[in-house]
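To start, the structure itself, in structure tokens.
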Amino acid sequence: MKKIKFYIALFVFAFTGFSSCEDVELDDFSNGQADFSTYVALGNSLTAGFGDGTLYRSGQENSYPALLAESMSFVGGSSDFNQPLTPNDVGGLTLAGNPLPGFDTRLMLQEGAGGALGIVNTPTASSTEVTNSVAGSGPFQNLGVPGAKSFHLLGPDYGNIAGLAAMPATANPYYVRFTQPGQSLLDAAMAQNPTFFTLWIGNNDVLTYAAAGGDADAITPPAQFQNFFGALLQGMTANGADGVVGNVPDILDLPYFTVVPTNPIPLDDATANALNAGYATYNAGLDQIVMVNPLLAPEVAQRKINFSAGQNFPVFIDDELTDLTGFGLPSIRQAKPGEVITLPASSLFAGGAGTQSPLSGTFVLSINELDEISTAINSYNQIIDATAASFGVTVADMNSYFSSISNTGITYSGADYSTTFVTGGLFSLDGIHPTQKGYAVVANQFIDVINSSYGANLPTIDINKYPGVDLP
Amino acid sequence: MKKLIGLVILTIMATQVQAAGFRVALQSAKQTGMAHVGVGMNLGPESIFFNPGALAHSDRGGISFTGSAVMSTTTYNLPGTAVTSELEDNIGTPIALYASHKFSDKLAGGLGIYTPYGNRVEWENDWAGRFISQSIDLKAFFIQPTLSYKLSDKIGIGAGLIYAAGTVELQRAVPITNEIEPDLLLETDGAASGIGYNAGIYLQASENVSLGVDYRSKIEVDAEDGTITKLNFPDAQAVNSVFTATAFNATLPLPAELAFGGAVKANDRLTIAADANLIFWNAYESLDFEFNGTVGGEMSSINPQNWEDAWTIKLGGQYAASDKIDLRAGAYLDYTPIPDATLTPITPDSDRLNFSFGGTVRPSDQFSIDAALLIVNGEERTVEQSESVYDFAQRYRVGAVVPSLGLNYGFNK
């Protein structure tokens, strides 16, 4: 009897000991050859966590650098990742209590008549005051500043409030909020002696131009970009830090440039005829010009305005056309296949823009402008590759990655995502910046690159934990 | 006492996945103590479940009740991430009740009410697999009137008609708006019923050796006109116009099972028994819902399962420590029927090596109390997203701790 009791005790001990109550085991996470103890992120709006047309708090909290830092915290990274957080999710900026033009509150969807969804600004007033500096709670490991171009990261006065009043502004209100006086973003990064960094810059060097239809701002010349990018990597690697740099995605794949078709205007026969009658004088004037100057025949052919029943190309002001205003002929033509009409134009057609009156050229990218943009992106990315190689830093090929996502989308844990505007879930309502879910996808791409180039095994991010576009 | 019975009945079928697939192998506390063997044993009223052929060999009628508490310890990890999840509300309480009567020396009959299938898996809110399943609560109970006839001192046959009834409630989140909190949930609710049988042959080969075969038929339970409920949906027409369904039809097969068993009395005190069960899970090819409107724009939902027939192999022993005390122990292998491609968090599953032990105390000749503890010990299992037809990466450690209590009353001969 005693023996039996002993056996039973042994049985209970043995089998309850090794079985059943164990939790599932995680992968073996490791830092590989990299030291993640002090991670600093340098970049633009993408790094800051910008989305829906503004910088807002939960977007910052789930910025890709914050997600990377969380992942790194499993393999020796600090669990404190300090960011210049805004007060709430309203977004927008105020300067001395007044709304700062061009820095509106967060975009949101609103259901209108007939169930149509429209995009509006959050009606709540912004409470992110530019003069209300948060520099005292620094240093910040997320040094992403929305709107920053490559050279802005090097500028000591980029956060100087006096520069906001200059025309054009020489300072950035987002950086004014958290700058140490006279400290460039690169200096702010270097001062923290990072062991690991990410640098993702260059988008705005071409995007600001593209977003303005190629009619405002300028593309940073690649030769200059090379100098700026070299200076940035020289600084970041000066103390032996490891890092990853992101290259420039093909911004022309962004919803901002793809949502509106080139022929977005539906017309019936009667309306088309009436419009054509209105442009008859313009078309006749062009015919007379050709008689005077036959060399202009090819241009005149594409300048002639013709509407028909069905989908129509909008009329817009094209500053690349030969100036015939002396003959009373405005520099207008219809957009043509292959050209791009930007997202903000979509709300203007109903008011007669593109038909009764020409659309501003700031909403249209011509073939030439598109070529300039693509050429610049290619040059930047070659420079990024070469510069990164010379400093021993890995490149995260965001260009290829974004292309593959816009071609195939992503399926993750039973949910399908794509770059389709609003419904795709990856791009926010500004059509340029990712949603928080999109940023989680970006973080995973950085993690994959870090893992393969530094022999690390950082945990990836569950992208379904992060919100996409909120439906009303 | 009345109150207690009410409570027990309320929770009768709230059953955690305890055996592979969505079987529940907790039909007798006595047998659970020895790896849930019993097809080749002369058990008393519990033979209604294990092998009706043995019932007539029992020397008296009786009543046997078993209640169990399945405390699931199953945990989940999204492979490659540090994301883990566990089950909410992780206690299920299946019961089984059998009553038998000897009409004559050769003829016995009885009634069993038991829960051979059930599935209650509720994951944490906002967990990683919510677009596949947030929760399932499948409740199925069998009512089985049974007759058994002793052809000779060696051979007994028996069969029972099974009426199966149950309800199922499924919730899954809908990834349509990408909102995190609150998640949109689709709730699918339905009641179902079906008919089948359980038949067995018992062979008392010698004084010390007994054998048995039992077959329980497949039962198709049809759920008709179940309800679909949208929870926490946004108002936007753009969403609601593709979710117009309010009702569904579906069919779920509860698979057939063939069981072989044998027992050997090694000496006056020690009995060793083994069972092998083959469960014909390949009947579960697809779980298809037909809707009376759209769900995500679709009029139906086809969910391939392609489960495979699977075995359980059991070995148990019983030791009569005294006239009043029996001690038991057992171990069994319980193979999963679910291939990697169609594994889902609806039935997180893996091959299992389970251990059990237990005992019986008999205060009198008529009354006895059984206790058992079953340790369900699933092998860690990982399926990558690329392997899953549901595009869901999953790693589980399946486990449960199951105490069972049995009460038995034997009628006077």
Worksheet item: Which one of A:Leu365, A:Leu359 is open to solvent by less than 20 Å² (accessible area, probe 1.4 Å) and under 21 Å from A:Ile251 (Cα atoms)?
Response: A:Leu365
Discussion item. Can you tell me how many residues within region A:185-233 are over 16 Å from the mean Cα position of the chain (by Cα) and part of a helix (DSSP H, G or I)?
Written reply: 18
Discussion item. Suppose we filter region B:383-408 for residues that are in a loop (DSSP other than H, G, I, E, B) and either in contact (Cβ under 8 Å) with a residue 60 or more places away in the chain or charged (D, E, K, R) (or both); how many remain?
Written reply: 7
Worksheet entry | Residues of region A:365-391 that turn out to be more than 29 Å from A:Ala241 (Cα to Cα) and assigned to a loop (DSSP other than H, G, I, E, B), as a count | 1
Discussion item. Just to be sure before I move on: is A:Thr419 polar (S, T, N, Q), in the same structural domain as A:Pro255 (by TED's automatic domain parsing) and open to solvent by 20 Å² or more (accessible area, probe 1.4 Å) in the structure I sent?
Written reply: yes
Item to complete: Output the residues belonging to region A:96-120 that are farther than 14 Å from A:Pro173 by Cβ, touching a residue at least 60 places away in the same chain (Cβ under 8 Å) and under 20 Å from the mean Cα position of the chain (by Cα).
Response: A:Leu107, A:Met108, A:Leu109, A:Ile119
Worksheet item: B:Glu86 passes all but one of (1) within 14 Å of chain A (Cβ to nearest Cβ); (2) at positive phi; which number fails?
Response: (2)
Response to the item:
Note: among B:Glu124, B:Glu207, B:Glu187, B:Glu181, just one is more than 25 Å from B:Ala263 (Cβ to Cβ), modelled with pLDDT of 85 or more and surrounded by fewer than 20 Cβ atoms within 10 Å (Cβ to Cβ), namely B:Glu124
Worksheet item: Which of the residues belonging to region A:387-416 are closer than 21 Å to A:Asn451 by Cα, more than 14 Å from chain B (Cβ to nearest Cβ) and open to solvent by 30 Å² or more (accessible area, probe 1.4 Å)?
Response: A:Ala389, A:Ser390, A:Phe391, A:Gly392, A:Thr394, A:Val395, A:Asp397, A:Asn399, A:Ser400, A:Tyr401, A:Phe402, A:Ser404
Discussion item. With the condition being hydroxyl-bearing (Ser, Thr, Tyr) and farther than 21 Å from A:Ile201 by Cα, I'd like the strands (runs of 3 or more DSSP E) fully within region A:392-472 carrying at least 2 qualifying residues.
Written reply: A:410-412
Worksheet, complete the sentence: Considering region A:463-472, residues that are surrounded by fewer than 20 Cβ atoms within 10 Å (Cβ to Cβ) and over 20 Å from the mean Cα position of the chain (by Cα), and then whichever is nearest to the other protein chains (Cβ to nearest Cβ), we arrive at A:Pro472
Item to complete: Can you confirm whether region A:153-176 contains a residue that is open to solvent by 30 Å² or more (accessible area, probe 1.4 Å), part of a strand (DSSP E or B) and touching a Pro at 6+ places or on another chain (Cβ under 7 Å)?
Response: no
Worksheet item: Looking only at region B:66-83, which residues are part of a strand (DSSP E or B) and either in contact with a Leu (Cβ under 7 Å, 6 or more places away or on another chain) or more than 7 Å from every other protein chain (Cβ to nearest Cβ) (or both)?
Response: B:Thr66, B:Gly67, B:Ser68, B:Val70, B:Met71, B:Ser72, B:Asn77
Discussion item. Can you pull out every residue in region B:362-382 that is more than 12 Å from every other protein chain (Cβ to nearest Cβ) and surrounded by fewer than 23 Cβ atoms within 10 Å (Cβ to Cβ)?
Written reply: B:Arg362, B:Pro363, B:Ser364, B:Asp365, B:Gln366, B:Phe367, B:Ser368, B:Ile369, B:Ala371
Fill in: From the options B:Leu97, B:Leu111, residue that is open to solvent by 60 Å² or more (accessible area, probe 1.4 Å), more than 14 Å from chain A (Cβ to nearest Cβ), under 18 Å from the mean Cα position of the chain (by Cα) and over 24 Å from A:Val441 (Cβ atoms)
B:Leu97
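The values are calculated or read from the model by the stated rules, or taken from the named source; none is laboratory data. Being a predicted model, the structure only gives us computed values, none of them experimental. Every residue, glycine as well, gets a Cβ built from its backbone with ideal geometry; the counts of neighbours run over all protein chains shown. Keep in mind that these areas ignore ligands, DNA and RNA; they rest on the heavy atoms of the full protein, side chains included. Shrake-Rupley method; radii C 1.70, N 1.55, O 1.52, S 1.80 Å.
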